[in-house]
Amino acid sequence: MPSDDVSLMRRLAGGDQQAFTCLVDRHSKLVLNVLYRIVLSRDDAEDLCQEVFERLWVNAPQWRDDAKITTWLYRVANNLAINFRQRVQQRYVLDLDENSIAEGGADEIAAASSPTDHIADQSLVQALAQLPENQRAVLAFRFYRDLPVKDIAEIMGLSAKAVESLLGRAKTQLRQNLGGGE
């Protein structure tokens, strides 16, 4: 059974559910983690992740073999997350007690090993929540997915210079939000 993404996408375009399952198993955790970093809600990230893969299923017949599936998935995830945040038009008030950290992102936010670590985790999540979603998105792609600026630019439909600018502003703002000044 072919296991590379291109072969799986060809099979999926023909309606192969097993190929779809393989692609979901292979990529859903990465997509979910990126979505979580943008929307900062585990439940919303899970819903959006499901929608990303629904779109993959629907759009599979139009798939181009020269496209990279991870770039496509991240682009759809980013667009859905940004649209979601705009549609909801609210800031999340994060409940950061130990239970919500364990339930809301155990894979993404390590449970604090000491009270100082727990406070640091809370501060980081709160500081990230204050960033505009496009800045949170570039941080997620660059530092959590370790993607090059060129790939982030393609995912977000921006120039590399625009991504670098967003990264710079995001880091500056994050530093300020964490009380580190300029």
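Note on the stretch 14-36: among residues that are closer than 18 Å to Val76 by Cα and open to solvent by 30 Å² or more (accessible area, probe 1.4 Å), the one that is nearest to the chain's Cα centre (by Cα) is Leu30.
Within the stretch 133-155, residues that are free of Cβ contacts under 8 Å to residues at least 40 places away in the same chain and open to solvent by 60 Å² or more (accessible area, probe 1.4 Å) reach partners that are not basic (Lys, Arg) and not in a helix (DSSP H, G or I) with beta carbons closer than 9 Å, at six or more positions or on different chains, in the pairs Arg142/Pro148.
Report yes if some residue within the stretch 84-93 is closer than 28 Å to Gln18 by Cβ, at pLDDT 85 or above and either in a helix (DSSP H, G or I) or not acidic (Asp, Glu) (or both); otherwise report no.
No, every residue in the stretch 84-93 fails to be closer than 28 Å to Gln18 by Cβ, at pLDDT 85 or above and either in a helix (DSSP H, G or I) or not acidic (Asp, Glu) (or both).
Scanning the stretch 123-148 for residues that are assigned to a helix (DSSP H, G or I) and over 15 Å from the mean Cα position of the chain (by Cα) yields a count of 4.
In the stretch 156-181, the qualifying residues are those that are surrounded by 13 or more Cβ atoms within 10 Å (Cβ to Cβ) and part of a loop (DSSP other than H, G, I, E, B), and the one that is farthest from the chain's Cα centre (by Cα) is Leu178. Contact map, the stretch 61-75: first residue open to solvent by less than 50 Å² (accessible area, probe 1.4 Å), second residue hydroxyl-bearing (Ser, Thr, Tyr) and at pLDDT 90 or above, Cβ cut-off under 7 Å, separation 6 or more or different chains; the map is empty.
The values are calculated or read from the model by the stated rules, or taken from the named source; none is laboratory data. Because the structure is a prediction, the values reported are computed rather than measured. All Cβ positions, even for glycine, are placed from backbone atoms using ideal geometry, and neighbour counts span all protein chains on display. These area figures cover heavy atoms from the full protein model, side chains too; ligands, DNA and RNA do not enter into them. Shrake-Rupley method; radii C 1.70, N 1.55, O 1.52, S 1.80 Å.
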